[in-house]
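The structure appears right after this line, and notes come after that.
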Amino acid sequence: PADTAAAAAGRILAETGVTEGYALVYGIGDAGLAEALARRSELQIAAFDPDAEKVAAARARLDAKGLYGTRIAVHQGEPLTVGLPPYMAALTVVADPGAAGYEAAQAWLESAHKPVRPYGGTIWLQLGDGQREAFLQLFKASELPGTTAKAVDGGVIVTREGPLPGAGTWTHQYGDVANTVK
């Protein structure tokens, strides 16, 4: 991948601390960032973009490099319409907020947050200086449970910390010492 994509991937992985599991990438561009993330980590990546031509070009590029289908899958879609299962992604990278459907910010935030796993699932959102403050205010107003957000150079990191609200604590094979299976 280009030096800029490799540098961005290195910064994202270093700032989030996520290097394995499932990753979602919104806004495929030329597929350089997805490729760099795959080459610098153990992530299994699903990338999304609403532009069919970009998707086709990304698939061809990644297939030529031996990454398509083995480490990266590219789909046409956006967070508001893709319908991903909850709690599956260790890392979500929003490289292009416009391609990710970010204009409907509140609905987008809730939709992008849904597939983020508990206990450290992270969203890295590329935003400019003015956009970061607006996003942080939106995030604060959203009151997503067990989630924190912080501004970093070039964007914002949103992290789902700890267990899901209302989750129980299993300490033994059948739940607890009394084997209640609850």
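The values are calculated or read from the model by the stated rules, or taken from the named source; none is laboratory data. Since the model is a prediction, treat every value here as computed from it, not as a measurement. Cβ placement follows ideal geometry from the backbone for every residue including glycine, while neighbour counts extend to all protein chains displayed. Surface accessibility is based on the protein's heavy atoms, side chains included, excluding ligands, DNA and RNA. Shrake-Rupley method; radii C 1.70, N 1.55, O 1.52, S 1.80 Å.
Quick look at the numbers
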{"item": "Segment 149-175, residues that are open to solvent by 30 Å² or more (accessible area, probe 1.4 Å), assigned to a loop (DSSP other than H, G, I, E, B) and closer than 24 Å to residue 117 by Cβ", "result": "161, 163, 164, 165, 166, 167, 168, 169, 170, 171, 173"}
{"item": "Extreme residue, nearest to the chain's Cα centre (by Cα), among residues of segment 76-91 that are at pLDDT below 95 and not in a loop (DSSP other than H, G, I, E, B)", "result": "79"}
{"item": "Residue that is most open to solvent (accessible area, probe 1.4 Å), among those in segment 109-148 that are part of a helix (DSSP H, G or I) and among the polar types (S, T, N, Q)", "result": "137"}
{"item": "Selection count where residues are charged (D, E, K, R) and at positive phi, scope segment 138-182", "result": "1"}
{"item": "Residues satisfying the stated conditions in segment 49-83, i.e. surrounded by fewer than 16 Cβ atoms within 10 Å (Cβ to Cβ) and more than 26 Å from residue 114 (Cβ to Cβ)", "result": "53, 56, 60, 63, 64, 65, 66, 70"}
{"item": "Residues that are out of contact with any Asp or Glu (no Cβ under 7 Å at 6 or more places or on another chain), modelled with pLDDT under 95 and either in a loop (DSSP other than H, G, I, E, B) or open to solvent by 10 Å² or more (accessible area, probe 1.4 Å) (or both), drawn from segment 18-32", "result": "30, 31"}
{"item": "All positions within segment 108-138 that are touching a Ser or Thr at 6+ places or on another chain (Cβ under 8 Å) and modelled with pLDDT of 85 or more", "result": "113, 115, 116, 120, 121, 122, 123, 124"}
{"item": "Close pairs from segment 152-171: first basic (Lys, Arg), partner not in a loop (DSSP other than H, G, I, E, B), Cβ under 9 Å, at least 6 apart", "result": "160/113; 160/116; 160/121; 160/122; 160/123; 160/147; 160/148"}
{"item": "Subset of segment 1-17 (residues that are loosely packed, with under 14 Cβ neighbours inside 10 Å, in contact (Cβ under 8 Å) with a residue 12 or more places away in the chain and of a type in the set (A, V, I, L, M))", "result": "2"}
